[in-house]
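**Q** One structure, pasted below without further comment.
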Amino acid sequence: MKTETSLQWKLVKYLLAFVIALLALLWLFQVVFLDSFYQRFKIEGIEKIGNTLAANLESDKFPDIVAQQARQNDACIRVLYGIFQIQTTNTMGCQIYNLNDSDIAQYVAKAEANGGSYLDIQSEKVISELPNGNLLFSNKQGSRNLIYFKVVEGRRNQKDIIMVNTHISPVNATTETLRTQLGYISMIVIVASVGLAFLMSRRIVKPIVNINQSARQMAEGNYDIVFTGKGYKEITQLNDTMNHTTRKLKEVDQMRRDLIANVSHDLRTPLTMISGYGEMMRDLPGENTPENVQVIIDEAHRLSNLVNDLLDLSKLQENKIELHAQHFDLTQLIETVLHRYEKFMTQDGFDIQFEHQESVWVNADPDRLGQVLYNFINNAINYSLEDKRILIRQSIDGSQVRVEVEDHGEGISEDKLSYIWDRYYKVDKTHKRSSAGSGIGLAIVREILELHHAQYGVKSEVGQGSVFWFELLIVSDRES
């Protein structure tokens, strides 16, 4: 199994690799290629001198320009135009002063054949005078002479000849000096970079390690942990994200506990009722009445509905439920749902009214929208107080139909409105029978309406009641 390298060592390796690459580049340019760069620089310099002089041949200050170029570039210059000649101080080291007419003619021919200029690179000769007066020429190791000829067409069809001579000094000693210096510099830089890499990596990695340690505690169920990693912007952002995640996990864990408590209570109540009435009917003569049997049936239905709600929420959240959309009369669906609440209106005194102007057709899943209506109405019934008026309102706004379910119950405080659509959440946690429920009805509503891409929401004030609503796009009944 491949072992993962820590971030600290990766940073050290990357920084060290960068420093080594930088030093290698420095060695190449300062040591290996120094001679060729130096030679290229001298060649470009001597060619520039020739071009400058050629451009100023007709200038009255030409002799001064010649002297200035020779002084600035450490070069010997000799210019022949017509019967005149200009040259810098004649020294024995400048070979252009020792060229005879034949040599000059040969260079001129080469320059003309080369487009007007010619550069000759020679090994530099050391000239020394012997006791008998003769001159001794010997090669100077590593030194080279640059002899540059430029032929310019002057006035009266005469040829002006510009000769420039300079030398390239050997760089062996310089290269050796640089090599020694770079050797020391390389060692110092590598050691310093390794130390710097360790310091930087520790500074970068330490807050990540702290966050990792806190995350391990969070993974073990400690949601009270607070992430305090700091150091730079990204770590601060990660720190804030992890703290937000901790708060959300804590909320979800609390909701899960509430769900277990709610479901346990709602399962225990009908099971107790079924068991109690069953034993009573078994043990007491004359208790096997249709009313007692109906209680058992009703409680069994409550159990079935609770289990179905849990299964529906699980399937909706896992996208395992497909909508069977079709064109249907939404107004008729609402009226059909209301017929099933006649028992509440006759026996429990609820006044459920439906306000609408005309029938409206929509394209949706009628069974799932029926669930939405049932949940909204059940919510209104469960949380109604003494005022048992419930109003279902259908209104049209352009191409949208809006359905509202309004109650006059206890209402919901503003700080709880953002949570009522969450799974497991239940506003009333006192487990009164009138408000029995698992706290997942509105979570199911949210999933169904979002599958329909419908707008939905709630308006509520404490002591004034609540209005739950949703909106759908209207279609023509002829499209069906």
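**Q** Which members of region 184-243 meet the condition of being part of a loop (DSSP other than H, G, I, E, B) and of a type in the set (Ser, Thr, Tyr)? Can you show your working first?
**A** Of region 184-243, the ones part of a loop (DSSP other than H, G, I, E, B) are 220-232.
Within region 184-243, 223, 228, 232 meet the criteria.
**Q** Looking for whichever is polar (S, T, N, Q), modelled with pLDDT of 75 or more and part of a strand (DSSP E or B) here; the options are 122, 181, 141. Which one fits?
**A** Values: 181 fails: part of a strand (DSSP E or B); 141 fails: modelled with pLDDT of 75 or more.
That would be 122, the only listed residue that is polar (S, T, N, Q), modelled with pLDDT of 75 or more and part of a strand (DSSP E or B).
**Q** If you take the residues in region 85-101 that are open to solvent by 70 Å² or more (accessible area, probe 1.4 Å) and either assigned to a helix (DSSP H, G or I) or among the aromatic types (Phe, Trp, Tyr) (or both), which one is modelled with the lowest pLDDT?
**A** Residues of region 85-101 that are open to solvent by 70 Å² or more (accessible area, probe 1.4 Å), as a first pass: 85, 87, 89-90, 92, 98, 100-101.
Add one more test, that the residue is either assigned to a helix (DSSP H, G or I) or among the aromatic types (Phe, Trp, Tyr) (or both), and what stays is 98, 101.
On the way: 98: 82, 101: 86.
Checking each candidate, the answer is 98.
**Q** Among the candidates 394, 353, 347, 332, single out the residue that is under 19 Å from residue 475 (Cβ atoms) and surrounded by fewer than 15 Cβ atoms within 10 Å (Cβ to Cβ).
**A** Among 394, 353, 347, 332, only 332 is under 19 Å from residue 475 (Cβ atoms) and surrounded by fewer than 15 Cβ atoms within 10 Å (Cβ to Cβ).
**Q** Does residue 189 qualify as being closer than 30 Å to residue 31 by Cβ, touching a residue at least 12 places away in the same chain (Cβ under 8 Å) and surrounded by 16 or more Cβ atoms within 10 Å (Cβ to Cβ)? Outline the logic, then answer.
**A** Values: closer than 30 Å to residue 31 by Cβ: yes; touching a residue at least 12 places away in the same chain (Cβ under 8 Å): yes; surrounded by 16 or more Cβ atoms within 10 Å (Cβ to Cβ): yes.
Considered against the rule, which asks whether it is closer than 30 Å to residue 31 by Cβ, touching a residue at least 12 places away in the same chain (Cβ under 8 Å) and surrounded by 16 or more Cβ atoms within 10 Å (Cβ to Cβ), residue 189 comes out as yes.
**Q** Out of everything in region 295-329 that is modelled with pLDDT of 85 or more and over 27 Å from residue 362 (Cα atoms), what residue ends up being surrounded by the most Cβ atoms within 10 Å (Cβ to Cβ)? Write out each step before concluding.
**A** Looking only at region 295-329, we keep the residues that are modelled with pLDDT of 85 or more, and these are 296-297, 300, 324-329.
Adding the requirement that they be over 27 Å from residue 362 (Cα atoms) leaves 296-297, 300.
On the way: 296: 17, 297: 11, 300: 14.
Ranking the qualifying residues of region 295-329, first place goes to 296.
**Q** If you scan region 22-64, which residues turn out to be open to solvent by less than 60 Å² (accessible area, probe 1.4 Å), at pLDDT 85 or above and in a helix (DSSP H, G or I)?
**A** If the condition is that a residue be open to solvent by less than 60 Å² (accessible area, probe 1.4 Å), at pLDDT 85 or above and in a helix (DSSP H, G or I), then 42, 43, 45, 46, 49, 50, 52, 53, 54, 62 are the ones that fit.
**Q** Okay, moving on. Taking residue 248 and the conditions (1) open to solvent by 60 Å² or more (accessible area, probe 1.4 Å); (2) modelled with pLDDT under 80, which numbered condition does it fall short on, given that it satisfies the others?
**A** Status for residue 248: all satisfied but (2).
**Q** Would you mention how many residues in region 158-178 are touching a Leu at 6+ places or on another chain (Cβ under 9 Å) and part of a loop (DSSP other than H, G, I, E, B)? First the steps, then the outcome.
**A** Step one: of region 158-178, the residues touching a Leu at 6+ places or on another chain (Cβ under 9 Å) are 159-168, 171, 174-175, 178.
Then keep just the ones that are part of a loop (DSSP other than H, G, I, E, B); that gives 171.
Number of matching residues: 1.
**Q** Restricting attention to region 285-294, and to residues there that are over 11 Å from residue 274 (Cα atoms) and part of a helix (DSSP H, G or I), which single residue is least open to solvent (accessible area, probe 1.4 Å)?
**A** Going residue by residue through region 285-294, those that are over 11 Å from residue 274 (Cα atoms) are 285-291.
Still in the running and part of a helix (DSSP H, G or I): 290-291.
Values: 290: 100, 291: 125 Å².
Per the criteria, the residue is 290.
**Q** Between 478, 446, which is modelled with pLDDT under 80, part of a helix (DSSP H, G or I) and surrounded by fewer than 21 Cβ atoms within 10 Å (Cβ to Cβ)?
**A** Working: 446 fails: modelled with pLDDT under 80.
Step by step, each of 478, 446 is checked, and only 478 is modelled with pLDDT under 80, part of a helix (DSSP H, G or I) and surrounded by fewer than 21 Cβ atoms within 10 Å (Cβ to Cβ).
**Q** Pick from 439, 465, 457, 411: which is within 25 Å of residue 357 (Cβ to Cβ) and either surrounded by 20 or more Cβ atoms within 10 Å (Cβ to Cβ) or at pLDDT below 90 (or both)? Can you show your working first?
**A** Working: 439 fails: within 25 Å of residue 357 (Cβ to Cβ); 457 fails: either surrounded by 20 or more Cβ atoms within 10 Å (Cβ to Cβ) or at pLDDT below 90 (or both); 411 fails: within 25 Å of residue 357 (Cβ to Cβ).
The conditions single out 465.
**Q** Could you look through region 311-334, keep only residues that are assigned to a helix (DSSP H, G or I) and of a type in the set (A, V, I, L, M), and pick out the one that is nearest to the chain's Cα centre (by Cα)?
**A** Taking region 311-334 first, the residues assigned to a helix (DSSP H, G or I) are 311-317, 330-334.
Retained after the next criterion (residues that are of a type in the set (A, V, I, L, M)): 311, 313, 316, 330, 333-334.
Details: 311: 38, 313: 34, 316: 31, 330: 46, 333: 48, 334: 48 Å.
Restricting to residues being assigned to a helix (DSSP H, G or I) and of a type in the set (A, V, I, L, M), the top hit is 316.
The values are calculated or read from the model by the stated rules, or taken from the named source; none is laboratory data. Remember, it's a predicted structure, so these values are computed and weren't measured experimentally. Please note: Cβ atoms are built from the backbone with ideal geometry, for glycine as well, and neighbour counts cover all protein chains shown. Areas reflect the complete protein model, heavy atoms only, side chains present, ligands, DNA and RNA absent. Shrake-Rupley method; radii C 1.70, N 1.55, O 1.52, S 1.80 Å.
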